[in-house]
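Inspection log for the structure reproduced underneath, given as C-alpha cells.
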Amino acid sequence: MRLLYIKKLVYLLLCVPYLYLALLFDYYYHSVNLFIVLIFLAFLLGFALSRANRLRTLLLGNLCSTLTSYLLFAKCTEWHFLYQPFSPEKLILLLAGLYLLPQLLGIVWGNIFVRSRSQAR
C-alpha cells in the first residue's frame, strides 16, 4: 500500500512546473537557492526512474513541466524584461536543457547500479 503512494507521488512531482517556481523564487527573493535544489532533485529523479526503468515517464514529465512552466511564465509580463538578453521562450528552453544534464547523469548512474546489481547475482 505504501509503495502505491510513493508511485503516485512520483507522478505528481513530474507535473510540477519547476522552472516557473525557480524563476518565481528568483524574481521575488533574488536567490538562486531553488535552482540549486532543483538540480539535485533532477539528478535524484533521473536516478530513481532509471532504476525503475521508467524513462518514458521521465520524458513525459519533462515535457509536461516545461510546457506548464512556459504557459505560466508567458502570463507574467513583468518578468519579460527582468531576464534580458533572453525572451521567455528562450529562457524556459535554456533552463529545461540545463535541467536535462543532471537527469542524464542520474540516468547513467542508475543504469550503472542496475547493471552491477544484476551482475552480482
**OP:** Count the net charge of all other residues whose Cβ sits under 12 Å from the Cβ of residue 14, scoring Lys and Arg as +1 and Asp and Glu as -1.
**Re:** +4
Subject >> Rg in Å to one decimal, and Dmax rounded to a whole Å, for the chain via C-alpha atoms >> reply: 16.2, 57
Subject >> Solvent-accessible heavy-atom area per residue, rounded to whole Å², over the chain at 1.4 Å >> reply: 70
**OP:** Work out the FRET efficiency for residue 5 and residue 44 from their Cβ-Cβ distance, taking R0 = 25 Å, and round it to the nearest 0.05.
**Re:** 0.90
Original post:
If 2, 115, 51, 56 are ordered by their accessible area, calculated over protein heavy atoms with a 1.4 Å probe, which sequence runs from highest to lowest?
Top reply: 56, 2, 115, 51
Original post:
Contour minus end-to-end for residue 12 and residue 27, with contour as 0.36 nm per residue of separation and end-to-end as the Cα-Cα distance?
Top reply: 2.9 nm
Original post:
So, with a 1.4 angstrom probe, what is the percent of accessible area on the range 23-83 that is carbon and sulfur?
Top reply: 70
Original post:
Which whole-Hz couplings ³J(HN,Hα) result when phi for each residue of the range 109-118 is put into the Karplus expression 6.51 cos²θ - 1.76 cosθ + 1.60, θ = phi - 60°, listed in order with x for Gly and Pro?
Top reply: 5, x, 5, 4, 5, 5, 5, 5, 5, 6
Original post:
Hey, what do the phi angles of the range 53-63 turn into as Karplus ³J(HN,Hα) couplings, whole Hz, using 6.51/-1.76/1.60 and θ = phi - 60°, x for Gly and Pro?
Top reply: 6, 10, 6, 5, 4, 5, 5, 5, x, 5, 5
Original post:
Between residue 64 and residue 101, what FRET efficiency follows from the Cβ-Cβ distance if R0 is 22 Å, with the result rounded to 0.05?
Top reply: 0.70
Original post:
Excluding ligands and nucleic acids, what accessible area in Å² is computed for residue 15 using a 1.4 Å probe, to the nearest 10?
Top reply: 70
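The values are calculated or read from the model by the stated rules, or taken from the named source; none is laboratory data. Fair warning: this is a prediction, and the values are worked out from it, not measured in the lab. No Cβ is skipped: glycine too gets one built from the backbone with ideal geometry, and neighbour counts run over all protein chains shown. With ligands, DNA and RNA removed, areas are computed over all heavy atoms of the protein, side chains included. Shrake-Rupley method; radii C 1.70, N 1.55, O 1.52, S 1.80 Å.
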